[in-house]
Amino acid sequence: MSYGLFLSTVDKKPMYLQIVEQITSKVLIGDWPADMPLPSIRELAADTQVSVITVKRAYLELERAGVIVTQQGKGSFVSARADLNQELKKQELEQQVDVAIELARQLQLSDDEFVQVVQQRLR
Amino acid sequence: MTTALTNLQMIKRLVIKDWELAKKTIAAYMIAGIFTVGLMGMATTYTFNIGAILMITLLIVIGARSAIELVVNEKKDQTLPFILSLPVTVQDYALAKLLSNLVLYFVPWFILLVSMLVVIVSTPIYNGVIPLVVLVSMYILMAYCFYLGTALLSYSEGYTVAVMIVTNLLLNGFIIGLMWMPQINQTMEAASASWNPTSLLILAALIAISLAALLLTAYLQKRKTSFL
Amino acid sequence: MQQFAFEMQDVSIRYPHFTLDNLNLSLPKGQVMGLVGVNGAGKSTTIRILMGLIKPDSGQVKALGYDLPKQQVAAKYEIGFASDDMRLYKTQTLQWHMDFIRSIYPAFDTAYAADLLKRFDLLAEQKIKGLSHGQRVKACLLLVLARRPKLLVLDEPTTGLDPVAREEVISELADILLDDERSVLFSSHNTHDIEKLSDHIAFLDRGKLLTLQDKESYLESWGRFRCQVTMDNSAHVAGAVSIKRKGQIAEVITDQWTQDYATQLQAAGFHVLEQHRMSLEEIFVANVKRSR
């Protein structure tokens with residue numbers, strides 16, 4: 001059995017974040033539809049060969065982001081929220097902006113200069 | 001530790017395991033033994049003497065191989081950690097080793113000694129040599145107890161081989177000493193075995209020293225706390 | 001119900017050239033602990049004490065509720081132990097070893113053993129002396145795994161294995177994660193394996209436990225920053241494990257990373273150019289260097 005997650009140890013992102021992102025994208029593109037039960041934490045850990053604590057952490061993050069809901073004793077399911085898709089795309093946008101901000105910092109741009117760059121692109 | 005006797009099941013398993021490991025070699029030695037006894041049974045002075053020398057060699061080699069292969073090599077070949085990962089204490093292990101070695105040496109030793117005696121009795125060979133044959137065989141068994149003890153306590157090839165060499169060098173002295181004693185040499189060519197107080201005393205001493213060596217080994221083994 | 005797979009309390013042992021100093025180590029049931037340390041750090045000694053093979057000078061050791069070394073016979077029926085210095089009998093076949101183990105442990109699962117044989121690409125009828133190092137390691141693991149022990153203790157299980165064999169071993173270990181009753185302690189100097197599978201990290205160096213923490217928060221607490229230092233200051237910043245400077249560029253490593261550690265750095269005169277997470281291996285090196 002495989003859940004189709006592809007984790008990499010050379011990726012700079014921590015393992016739990018890779019799980020979060022890959023599950024989120026499965027939900028976004030509709031491979032994992034609303035109300036679909038997720039594999040148990042131990043199942044996913046064994047399948048992806050990462051520790052239970054890492055998967056647990058990923059599930060907590062996914063829950064916080066509203067991608068999944070966890071019911072006591074029943075396990076986790078893909079969230080059935082109507083605006084989930086919208087919400088996830090918004091989160092992705094925020095992440096992309098964070099990346100841009102990081103780059104701006106490396107270029108030693110001030111916040112005002114960064115906003116100017118954004119405004120230029122918006123025109 | 002009191003567990004030494006409560007874990008008989010595992011001790012038995014370990015002894016059987018050593019038998020399984022050693023049985024092929026022991027079988028080969030027994031075949032060599034039959035050949036040697038046959039040589040002695042041809043009952044000419046020449047073949048008897050050659051056979052006797054071969055037999056002494058064989059008894060020593062079986063013992064040496066047993067002590068090295070089953071004890072020293074267990075550590076050298078690193079099978080010791082494997083065995084100690086099983087449900088045994090180091091004391092169980094030591095006891096099993098002592099038992100399996102004794103059995104695996106004592107049984108071939110006993111068979112060879114008895115077949116020598118049978119050959120001597122049933123052929124024209126003077127039965128008067130019986131005390132000498134028994135005493136020399138007993139000396140070899142005693143020497144075995146010494147280097148088995150050394151092997152079990154030190155797990156060192158060097159020490160074990162050193163004890164082997166010393167005891168075997170002393171064997172020559174022992175045989176010459178026996179031949180020199182009037183109580184032994186005067187009855188050698190007699191028609192029947194004649195045990196006298198001197199030969200019986202030597203036999204008793206050899207048995208007592210062997211037992212003492214084994215008991216001391218068992219006692220010292222129990223006191224060891226770390227094996228690896 | 002005991003909740004710990006094993007517990008070591010104030011365990012000390014003294015050798016002429018090595019001392020294990022007041023070790024406190026415990027693993028909750030159903031979890032995986034990775035024991036990290038350089039050669040000679042005390043990993044094997046710790047594991048041997050846990051298996052009852054060495055009696056510590058002082059301290060208490062319990063595994064699966066059994067006192068060690070006193071109740072080691074009962075404990076070893078439920079603990080599976082394999083180490084890289086463990087060898088099988090050269091003159092015998094793997095089948096002989098499997099029969100031997102099955103005669104001792106009623107729980108030995110013959111079907112699972114056959115399955116492992118296939119997955120590890122081993123032949124039951126082959127004599128041990130004909131096996132490569134990797135095959136021997138896998139044979140040892142097969143004998144241990146096939147009895148599904150409650151606690152699996154592995155001393156350097158992947159040392160000297162080629163990448164394919166390592167992957168086979170790791171994937172079998174990962175299967176144990178499915179069962180929340182089974183726990184694993186494994187030591188390695190391959191931090192990569194430990195980084196993936198463990199829930200807890202225990203760092204040993206020179207007989208001392210440097211760290212015992214859950215892996216996620218441990219990895220998260222370390223970070224590396226590449227900074228520009230404008231002034232000619234030998235400034236220090238709280239929480240830095242090491243600061244290396246060359247010209248205007250400085251590398252700062254911290255084990256107290258938080259969201260605003262970068263701000264703290266800025267305030268201390270370090271202009272942050274880049275920040276990185278650190279792999280367990282990098283943390284391992286930094287940690288050992290700091291403690292010495």
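Find the residue count for region B:163-196, including only residues that are of a type in the set (Phe, Trp, Tyr) and under 16 Å from B:Tyr147 (Cβ atoms). Lay out the reasoning, then the answer.
Taking region B:163-196 and keeping what is of a type in the set (Phe, Trp, Tyr), we get B:174, B:180, B:195.
Filter once more, keeping what is under 16 Å from B:Tyr147 (Cβ atoms): B:174.
Summing the residues that are of a type in the set (Phe, Trp, Tyr) and under 16 Å from B:Tyr147 (Cβ atoms) in region B:163-196 gives 1.
With respect to C:Arg166, determine if the residue is surrounded by fewer than 22 Cβ atoms within 10 Å (Cβ to Cβ), outside any helix (DSSP H, G or I) and of a type outside the set (Asp, Glu).
no
Specify which of the listed residues (C:Arg224, C:Arg290, C:Arg245) is surrounded by 18 or more Cβ atoms within 10 Å (Cβ to Cβ) and farther than 23 Å from C:Leu185 by Cβ.
From the options C:Arg224, C:Arg290, C:Arg245, the qualifying one is C:Arg224.
What do you reckon, is A:Ile68 surrounded by 14 or more Cβ atoms within 10 Å (Cβ to Cβ), at the interface with chain C (Cβ under 10 Å from one of its Cβ atoms) and of a type in the set (A, V, I, L, M, F, W, C)?
no
Considering only region C:186-292, give the strands (runs of 3 or more DSSP E) lying wholly within it that have at least 2 residues that are under 18 Å from the mean Cα position of the chain (by Cα) and within 14 Å of chain A (Cβ to nearest Cβ).
Strands (runs of 3 or more DSSP E) meeting the threshold: C:200-205, C:208-214.
In region B:72-85, what residues are within 7 Å of chain C (Cβ to nearest Cβ) and either outside any helix (DSSP H, G or I) or of a type in the set (Val, Ile, Thr) (or both)?
Narrowing region B:72-85 to residues within 7 Å of chain C (Cβ to nearest Cβ): B:77-79, B:81-82, B:84-85.
Scanning region B:72-85 gives B:Asp77, B:Gln78, B:Thr79, B:Ser85.
Need the failing condition index for A:Pro37 against (1) buried (at least 16 other Cβ atoms within 10 Å of the Cβ); (2) farther than 20 Å from A:Lys90 by Cβ; (3) at pLDDT 90 or above, just the number.
(1)
Which members of region B:86-136 meet the condition of being touching a helix residue (DSSP H, G or I) at 6+ places or on another chain (Cβ under 7 Å) and part of a loop (DSSP other than H, G, I, E, B)?
B:Leu86, B:Pro87, B:Val88, B:Thr89, B:Thr123, B:Ile125
Note down all Cβ pairs under 7 Å where the first residue falls in region C:96-115 and is basic (Lys, Arg), the second is surrounded by 17 or more Cβ atoms within 10 Å (Cβ to Cβ) and not in a helix (DSSP H, G or I), and they're at least six residues apart or on different chains.
Final answer for the pair search is C:Arg102/C:Phe108.
Name the residue, out of C:Arg119, C:Arg102, C:Arg148, that is at pLDDT 95 or above and either away from every other protein chain (no Cβ under 12 Å) or surrounded by fewer than 20 Cβ atoms within 10 Å (Cβ to Cβ) (or both). Don't jump to the end; show me each part of the working.
On the way: C:Arg119 fails: at pLDDT 95 or above; C:Arg148 fails: at pLDDT 95 or above.
Every option except C:Arg102 fails the conditions.
Of the residues that sit in region A:51-71 and are farther than 18 Å from A:Ala34 by Cα and not hydrophobic (A, V, I, L, M, F, W, C), which one is nearest to the chain's Cα centre (by Cα)?
Among those that are farther than 18 Å from A:Ala34 by Cα and not hydrophobic (A, V, I, L, M, F, W, C), it is A:Arg57.
Restricting to region C:60-99, name every residue that is among the basic types (Lys, Arg) and either more than 11 Å from every other protein chain (Cβ to nearest Cβ) or more than 25 Å from B:Trp19 (Cα to Cα) (or both).
Of everything in region C:60-99, those that are among the basic types (Lys, Arg) and either more than 11 Å from every other protein chain (Cβ to nearest Cβ) or more than 25 Å from B:Trp19 (Cα to Cα) (or both) turn out to be C:Lys62, C:Lys70.
For region C:8-66, what are the residues that are among the small types (Gly, Ala, Ser), on the phi > 0 side of the Ramachandran plot and assigned to a strand (DSSP E or B)?
Selection gives C:Gly59 alone.
Pick out the one residue from A:Gln86, A:Gln95 that is more than 14 Å from chain C (Cβ to nearest Cβ), among the polar types (S, T, N, Q) and over 30 Å from C:Leu197 (Cβ atoms).
Among A:Gln86, A:Gln95, only A:Gln86 is more than 14 Å from chain C (Cβ to nearest Cβ), among the polar types (S, T, N, Q) and over 30 Å from C:Leu197 (Cβ atoms).
The values are calculated or read from the model by the stated rules, or taken from the named source; none is laboratory data. Note that this is a predicted model, so its numbers are computed, not measured. In this analysis, Cβ positions are derived from the backbone assuming ideal geometry, glycine residues included, and neighbour counts consider all displayed protein chains.
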